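The structure appears right after this line, and notes come after that.
Every number in this text was worked out from the coordinates using simple rules, so none of it is lab data. Remember, it's a predicted structure, so these values are computed and weren't measured experimentally. Using ideal geometry, Cβ is built from the backbone for each residue, glycine included, and neighbour counts are taken over all protein chains shown.
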Amino acid sequence: MTTYSATSVDRGSQRGFTFVEMLVAMIVLGLLAAVMIPAVLGQREKAEGASAQSLLRTGASTVESAAVDADGYATLTTTRLAATEPNFSWLPAAGARAIENEISVTGLGPQGYTLSTTAASGRVYVIEKDLTGAPTIIRTCGTGCDW
């Protein structure tokens with residue numbers, strides 16, 4: 001019968017991972033990360049775009065509501081729009097940022113308007129209403145983007 005003291009070590013009972021097992025695990029984790037990172041980043045850009053789209057849709061509703069009170073688009077101002085919807089910053093020129101709840105209002109005239117904002121990704125979203133055109137409302141956001 002073999003007796004072991006507290007200081008003796010039985011090398012056969014030690015458990016652990018071999019170098020090859022650790023290497024295979026690291027390779028598998030690296031491959032999973034390589035596949036998942038682009039997918040996660042793509043979802044972030046989609047979320048930023050959805051936020052900009054929602055902002056412009058609400059902005060268009062605000063413009064339509066204010067136009068009824070102002071008897072048309074031509075007499076609208078950013079001041080009047082801010083009074084109608086104070087949660088947004090209405091800018092009279094391009095450069096609005098969706099992350100700051102800013103909407104650029106340009107092209108106000110008797111036949112329509114143009115609203116735009118830039119998502120955090122840098123993509124510019126635009127709603128343009130032109131009563132003389134067909135369709136009367138055009139939504140754009142650049143190449144490879146649809147909404």
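Odds and ends about this structure:
- Axis angle, to the nearest 10 degrees, between helix 19-70 and the longest C-alpha principal axis of the chain: 20 degrees.
- Prolate/oblate/rounded call for the stretch 74-147, Cα gyration tensor, a/c under 1.5 rounded: oblate
- Estimated Rh, the stretch 57-115: Kirkwood, alpha-carbon pairs, angstrom: 11.2
- Equivalent ellipsoid of the chain: semi-axes from √(5λ) of the C-alpha gyration tensor, largest first, are 62, 17, 10 Å.
- Coupling constants for the stretch 114-129 follow from the phi torsions by the Karplus curve (6.51 cos²θ - 1.76 cosθ + 1.60, θ = phi - 60°), and in residue order they are 10, 10, 8, 7, 10, 6, 4, 6, x, 6, 9, 9, 9, 10, 10, 10 Hz; glycine and proline get x.
- Sorted by Cβ density within 10 Å, fewest first, the residues Asp146, Asp69, Asp130: Asp146, Asp69, Asp130
- Each Cα pair under 8 Å and six or more residues apart adds its sequence gap; the mean of these over the residue count of the chain is a relative contact order of 15 percent.
- Ranked list, fewest to most other Cβ atoms within 10 Å of each Cβ, for Trp90, Trp147: Trp147, Trp90
- Each residue in Leu91, Leu81, Leu23 was given a count of other beta-carbon atoms within 10 angstrom of its own, and listing them fewest first yields Leu23, Leu91, Leu81.
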